[in-house]
Amino acid sequence: MNSFGNAFAWLFAPEQWSGPSGIPARVLEHLGYTALAVLLGLVIALPIGMVIGHSGKGGFLVGAVNALRAIPELGLLILLVLLMGIGLLPVTLALVVLAIPPLLAGTYSGIRNVDRSVVDAARGMGMKEGRILMRVELPNALPLILGGLRAATLQVLATATIAAYVSLGGLGRFVIDGLYLRDFAQTLGGTIVIAVVALALEGLLILLQRLVVSRGLRRNPTRRRDRTVRPVEIAVETA
Amino acid sequence: MIEFRDVTKQYPDGTVAVDKLNLTVEAGTITVFVGPSGCGKTTSLRMVNRMIEATSGTILIDGKDIRDSEPALLRRGMGYVIQQAGLFPHRTVLDNVATVPLLSGWDKRKARARAAELLETVGLPAEMGRRYPVQLSGGQQQRVGVARALAADPPILLMDEPFSAVDPVVREDLQNELLRLQGELDKTIVFVTHDIDEAVRIGEKVAVFRKGGVLAQYGTPADVLRYPADEFVAGFVGRDRGYRGLSFLESSGISVDRVETAKLGKPRAETVADWVLVLDSDGHPCGWLPPGTSVDGSLTREPLVAGGSLYTTGTSLRGALDAALSSPASRGVVVDEDGKYVGVITARQVLDLIEGHPQAVSKT
Ligand SMILES: Nc1ncnc2c1ncn2[C@@H]1O[C@H](COP(=O)(O)OP(=O)(O)OP(=O)(O)O)[C@@H](O)[C@H]1O
Ligand SMILES: [Mg+2]
């Protein structure tokens, strides 16, 4: 009943805020796993999504990749560890697999949804294909691409907890160690930290969206506030 | 000059969209492709800038085969305007207009200056350049579309139903604007529409297409209206083509009647028996004084009934008929080029005049 009280007591205890297993160090580790997986996901999904979206060929791939979401994350991680041994690599791969579907879907649907008459006009004015993709389709697809990026980031951030299962660090340590030691204050405290980091990151990404998306793509370009666009099909699943 | 020589387009599904098209678009004219939906107008137009490749035949521009030019470069030499405008939503209006100059390697400063100049050319205030396309009305977007197509000063302009998506009043504005622009710029314009009224309004030449991509008739608007080549064209230009045809008959031999006139501001004391046309001190018509009006003292505008449209001598008979039919006094007021009163004309006189031109109205 008083578990939240205990969790907060754990959270604000001074020993949690220093050292290699303190909260700040764990937050950094956790963000590190997340960033690595999301960046790798972007490097893979962005070019593929752009090319498929631009050419209109290979759309089935997006659906196929989407099916990856059905793989249980923990099972995948254990399989990868069995194959590769314990380390950063299997964890990262497992998280990349999670990051790719929303990134690919966001990029593909973003590019596909650019008004065909706009692309037609660009071509008719004498733009070459590469330029159409980079200068016309990409900027107009940014709201959906960033929507995919936010979905992927949150999902990876939440799931990076599993790194602790295979003896790595990150905020999952608190959750798992707490479970193991039946120290539920620690488990709950760790969960709260993950939630706070997730919210902060979401805030940052919204800010980024406001900075990089053209004002002409907002509903009311004269105002600085923005509606946040998110593709319906990229709903965040709770890991 | 654009020449189509035996140009055929068959889509992969077997549809023949354009069938052995032979047609020459003269330099410096507006040529309109008109016809019912699906008759191959868009396909014909888009083959000119190679947005669609012809299956067979040749298209020459100033004698040069378009297949010898790289598509992107060919297109930069032709303005392209489409129905939905297709403005870039993420760019400001000014940057939209500057697109082709930038593509062609102009520096940014010069391209923007040129774009600002063009906004004015198409009748938009320069401040509008800072807006984004979503902040413009449909008609304004089309103007920006035209400005964008003109930016690199291409000799050729391809326009695919550019004004179909705007309401009729705005459309007429845009048509007038295009005619005014053409008066200054002297481009070779190919203009696609399915609206025969629009075609005869703006076209110097009209190409009527029928289903299957066959050219049914190619000639001046007056010819197409007066001498439709066949039943299809006759049906397409419509039953009221006689009235439309009046647009092309000039009233060289029109004889006008006189009517009682009165000067504004002159003292008068009487009750008028018939309609009296009131003129101002310069002789411009101001309106009609209806029968039974009593005037005592100086004649003001107050008792006047507004006149109908005025007919300027030497212009088309359509205007004369309009003036006669819209006048409250059943007599159209005829004015000279300076707008000064010349005389009046009745609808009967206009019709007699038309009958004197046996070819003016076709028999159906
Ligand atoms: N990509 C395509 N594949 C197959 N058939 C096509 C294609 N594009 C057009 N067509 C067909 O070719 C014919 C001519 O089409 P086109 O678009 O040139 O007509 P249009 O005269 O411009 O008609 P509209 O007034 O409706 O714009 C039509 O029958 C159309 O269905
Ligand atoms: Mg068309």
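The values are calculated or read from the model by the stated rules, or taken from the named source; none is laboratory data. None of the values given here were measured: they were computed from a predicted structure. Heads up, the Cβs are rebuilt from the backbone with ideal geometry, glycines too, and the neighbour counts pull from every protein chain shown. Heavy atoms of the whole protein, side chains included, go into the accessibility calculation; ligands, DNA and RNA do not. Shrake-Rupley method; radii C 1.70, N 1.55, O 1.52, S 1.80 Å.
Under a 10 Å cutoff between Cα atoms, tell me which one of B:170, B:97, B:237 has the largest fluctuation in the Gaussian network model of chain B. In this elastic network of chain B, the residue with the biggest mean-square fluctuation among B:170, B:97, B:237 is B:170. With contributions of -39500 (n - 2.57) from each DSSP H run of at least four residues, the per-residue ellipticity at 222 nm computed over chain A stands at -22000 deg cm²/dmol. Against chain A, whose longest principal axis comes from its Cα atoms, helix A:23-55 is set at around 20 degrees.
Close Lys pairs in segment B:2-248 (alpha-carbon distance under 24 Å; sequence gap of 8 or more, or different chains): 17.
I'd like the FRET efficiency for residue A:206 and residue A:31, computed as 1/(1 + (r/R0)^6) with the beta carbon distance as r and R0 of 22 Å, rounded to 0.05.
Efficiency, rounded to the nearest 0.05: 0.80.
Once all Cα-Cα distances of segment B:261-355 are split into 10 Å bins that start at 0, what whole-number percent is in each one? P(r) over segment B:261-355, rounded to whole percents: 18, 46, 27, 8, 0. Both radii were evaluated on the Cα set of the protein assembly as shown; the Rg over Rh quotient, with Rh as the Kirkwood radius, amounts to 1.19. With 0.36 nm allotted per residue and the present C-alpha distance subtracted, the residue B:53-residue B:179 stretch has 42.3 nm of extension available. Residues considered: A:200, A:94, A:158. Largest GNM mean-square fluctuation over chain A, using C-alpha springs under 10 Å, is found at A:200. Using only Cα atoms, find the angle between the long axis of helix B:347-356 and the longest principal axis of chain B, and express it within 0 to 90 degrees, rounded to the nearest 10. Value to nearest ten degrees: 60. Estimated from the Cβ-Cβ distance and a Förster radius of 35 angstrom, the FRET efficiency linking residue B:338 and residue B:271 is about 0.60. When the inverse distances between all different Cα atoms of segment B:54-102 are averaged and flipped, the Kirkwood radius reads 13.2 angstrom. Taken over the Cα atoms of chain A, the convex hull encloses 149 Å³ per residue. Note that chain B shows a convex hull volume over its alpha carbon atoms of 168 Å³ per residue.
Comparing B:45, B:178, B:103 in a Gaussian network model of chain B where C-alpha atoms under 10 Å apart are linked, the largest mean-square fluctuation is found at B:103. Between the beta carbons of residue B:298 and residue A:3, assuming R0 = 56 Å, the FRET efficiency works out to 0.05 to the nearest 0.05. Counting Cβ atoms of other protein chains within 10 Å of each residue's Cβ and taking the mean over peptide A:22-28 gives 0.
With all protein chains in place and ligands, DNA and RNA left out, the 1.4 Å accessible area ranks B:255, B:56 as B:255, B:56, largest first.
Show me you know the interface measure: the accessible area buried between A and B, both chains summed, probe 1.4 Å, in Å² to the nearest 100.
Counting protein atoms only, the buried area is about 2000 Å².
Between residue B:306 and residue B:284, what is 0.36 nm times their sequence separation minus the Cα-Cα distance? Round to one decimal in nm.
Computed gain between residue B:306 and residue B:284 is 6.6 nm.
Between segment A:28-55 and segment B:193-214, the alpha-carbon centres lie 52 Å apart. If one takes the longest principal axis of the Cα atoms in chain A, at what angle in degrees, from 0 to 90 and to the nearest 10, does the Cα axis of helix A:73-84 lie? Orientation of helix A:73-84: about 80 degrees from the principal axis.
Net charge of the neighbourhood of residue A:118, taken over other residues with C-beta under 13 Å away and scored Lys/Arg +1, Asp/Glu -1, is +3. Here segment B:261-355 is treated with +1 on each Lys and Arg Cβ and -1 on each Asp and Glu Cβ, and its dipole about the Cα centre works out to around 120 debye.
Taking the charge dipole of segment B:261-355 about its Cα centre, with +1 at Lys and Arg Cβ atoms and -1 at Asp and Glu Cβ atoms, the residue from B:335, B:308, B:273 reaching farthest to the positive side is B:273.
In this simple spin-label approximation, residue B:211 and residue A:184 carry label points 7 Å from Cα along the Cα→Cβ vector, and these lie 7.6 nm apart.
All Cα-Cα distances of segment B:140-245, cut into 10 Å bins from zero to the largest, leave 13, 44, 32, 11, 0 percent in each bin in turn.
Other protein chain C-beta atoms within 10 Å of residue C-beta, averaged over A:210-218: 4. Surface calculation, 1.4 Å probe, protein heavy atoms: residue B:4 sits at approximately 10 Å² accessible.
Peptides A:100-111, B:276-287, A:130-141, B:7-18, ordered by how many other C-beta atoms sit within 10 Å of their residues on average, highest first, read A:100-111, A:130-141, B:276-287, B:7-18. Ordered from largest to smallest accessible area (heavy atoms of protein chains, 1.4 Å probe), the residues B:44, B:298 come out as B:298, B:44. Among the DSSP beta bridges whose two residues both lie in segment B:261-355, what percent are antiparallel, rounded to the nearest 5? Restricted to segment B:261-355, the bridges split so that about 70 percent are antiparallel. Spacing of the modelled spin labels on residue B:186 and residue A:89, each 7 Å from Cα toward Cβ, amounts to 7.4 nm.
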